[in-house]
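Notes follow the structure.
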Amino acid sequence: MSGNGRQRTILVAGGGISGISAAIEASEAGCQVVLVEKEPYLGGRVVQMHQYFPKLCPPTCGLEINFRRLRTSPRIRCLTLAEVETIGGGPGHYQVTIRRRPRMVNRKCTACGACVEACPVERPDAFNYGMGTTRAIYLPHPMAFPLQYVIDTDACPGAECGKCVAACPYQAIDLEMQSETIQLEVQAVIWATGWEPYDASKIEGLGFGTYPNVITNVMMERLASSNGPTAGKIQRPSDGQPIQSVAFVQCAGSRDENYLKHCSGVCCMASLKQARYVREQYPDAEISIFYIDIRTPGRLEDFYSEIQKDGKVQLIKGKVAKISEDGGDLVVEAEDTLSGERVTRKVNLVVLATGIVPQGAEVRFETGGGLARDEHGFLTEEQGLSGMLPVGCAKRPSEVAGCVRDATGAALKALHICAGSGCE
Ligand SMILES: Cc1cc2nc3c(=O)[nH]c(=O)nc-3n(C[C@H](O)[C@H](O)[C@H](O)COP(=O)(O)OP(=O)(O)OC[C@H]3O[C@@H](n4cnc5c(N)ncnc54)[C@H](O)[C@@H]3O)c2cc1C
């Protein structure tokens, strides 16, 4: 608290790497921070990765340190399962209404898992992009922060079942838990609402949703991950067989007037990284990468050069026109724009490198309207109201390092706004 009794408070919407970084930076500079995340866990898309480039470390590396800083900070309040609903007031004194959904599990939860054994209801596992199921009461993933179970209220029959309540030795399950509304006054809002994968089923001719062995790049991250649906084994979804050949299809739906016009900037690096996942498990697998042009700026070029040395990786310059099925295998067709020849490859697995779609916050401003976006849906730097600061992939496609730099900048801007608002 300052001498005039008002506190500097910054709201951060979105608890991915961008939001976490901004929250930590602002709090360590002396601000109060409220971090609001709509999922039951923090970490965003990064926690769904197997490894991340350029160093190929697991998501635990880096995130664990951040979680510890969040846990021990006296100035950060984390609200999971929460979203901003409305914003009133004006620059320097925004009145924010947050809606928080019930977790149905309280802090007595030790994540022992007794409830899961008792729960009779299955639901699709969103964390694994629908590959596999969880029970209606579930731990989102083994590294979840907070490490606490949650109930999917759409799937759970509630008190009429109640088997999890009886099974829990800690009285941690409360099926009567209700949504809450939280009101706050804040000086600035950092929008770190991130991205979601482009819906590959919209892309004509590439067979996603029709052929089980056509998957997307985000699904590949989960397949390769030791806490994923196959415990880290890259295999064909249709029959669980090992793979001898795989094709990566770059710009699947991206840089295309019919689907996503923009380049997502990270998909080339993601596929080159995933080619390494394949190579680690299958020393002899044939890997084809179909591309328009490979984008690996700056130091990432080294990563590209390294892959080019692999004699069983073929880089084919050509946009894939069609994928069809032949037995369980897939036939990929493209025109090689360097030779002018039609190329076909028969492979066991296809990975579509789908792009990044900005994820929005459906927030309502009491002055009218919502957040300003560009033609691709990304939040714009100019929001019309000072103190509304977009960061990370909500603003533009970016790799993790770029998001962290951006978040630090946004935290600094938010501190300036607080300083100018008469608060200390
Ligand atoms: C296939 C693939 C592989 C990749 N691999 C790498 C890699 O190896 N290395 C690398 O550096 N980058 C990689 N990236 C990029 C990386 O995923 C992004 O840089 C990173 O996820 C951006 O973090 P973010 O916090 O901006 O967004 P996100 O990770 O999307 O986090 C946003 C958070 O905000 C939450 N949220 C959304 N809306 C709301 C709301 N209304 N209210 C509250 N919360 C909300 C979300 O639930 C989420 O937790 C990859 C991308 C792809 C597509």
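All of the numbers you see were taken from the coordinates with simple rules; none came from a lab. If you're wondering where the values come from, they're calculated on a predicted model, not measured in any experiment. Note that we place each Cβ from the backbone using ideal geometry, even for glycine, and neighbour counts take in every protein chain shown.
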(message) From the helices alone, meaning DSSP H stretches of at least four residues, give me the mean residue ellipticity at 222 nm for the chain, per-run term -39500 (n - 2.57), in deg cm²/dmol to the nearest 500.
(response) -6000 deg cm²/dmol
(request) Quick one: dipole size for the range 114-167, taken about the Cα centre, charges +1 on Lys/Arg Cβ and -1 on Asp/Glu Cβ, in debye to the nearest 20. (result) 100
(request) Would you mind ranking Glu381, Glu25 so that the residue whose beta carbon has the fewest other beta carbons within 10 Å leads the list? (result) Glu381, Glu25
(message) Whole angstrom only: what separates the Cα centroid of the range 275-329 from the Cα centroid of the range 5-28?
(response) 39
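What is the percent of Cα-Cα separations in the range 114-167 that go past 13 Å?
58
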(request) Mind checking which of Phe303, Gly340, Gly327 is farthest towards the positive end of the range 289-366's charge dipole, using Cβ charges of +1 (Lys, Arg) and -1 (Asp, Glu) about the Cα centre? (result) Gly340
(request) Neighbouring Cβ atoms within 10 Å as the yardstick, rank Tyr94, Tyr211 fewest first. (result) Tyr211, Tyr94
(request) Taking the Cβ of each residue in His50, His376 as the centre, tally the other Cβ atoms inside 10 Å and list the residues starting with the fewest. (result) His376, His50
(request) List, in order, the whole-Hz ³J(HN,Hα) value for each residue of the range 372-389 obtained from phi through the Karplus relation with A = 6.51, B = -1.76, C = 1.60 and θ = phi - 60°; use x for Gly and Pro. (result) 7, 10, 8, 5, 9, x, 6, 5, 8, 4, 8, 9, x, 10, 6, x, 10, 10
(message) Taking 0.36 nm per residue of sequence separation and subtracting the Cα-Cα distance, how much length would be gained by fully extending the chain between Gln314 and Ala111, in nm to one decimal?
(response) 68.5 nm
(message) Just to be sure I follow the definition: excluding the sites themselves, where is the longest run in the chain that has none of the trypsin sites (Lys or Arg not before Pro) in a DSSP loop with at most 14 other Cβ atoms within 10 Å?
(response) 109-232
(request) Could you check how many percent of all C-alpha pairs in the range 231-354 are farther apart than 21 Å? (result) 39
(message) Positive end of the dipole of the chain, charges at C-beta (+1 Lys, Arg; -1 Asp, Glu), about the Cα centre: which of Gln171, Thr181, Pro212 has its Cα farthest in that direction?
(response) Gln171
(request) Return an integer: the convex hull volume of the alpha-carbon atoms of the chain, in Å³ per residue. (result) 152
(request) Determine the distance separating the Cα centre of the range 198-232 from the Cα centre of the range 136-188; give it in Å without decimals. (result) 29
(request) Please report, in debye to the nearest 20, how large the charge dipole of the chain is about its Cα centre when each Lys and Arg carries +1 at its beta carbon and each Asp and Glu carries -1 there. (result) 960
(request) Work out the length of the dipole vector of the range 46-159 about its Cα centre, built from +1 on the beta-carbon of each Lys and Arg and -1 on the beta-carbon of each Asp and Glu, and round it to the nearest 20 debye. (result) 600
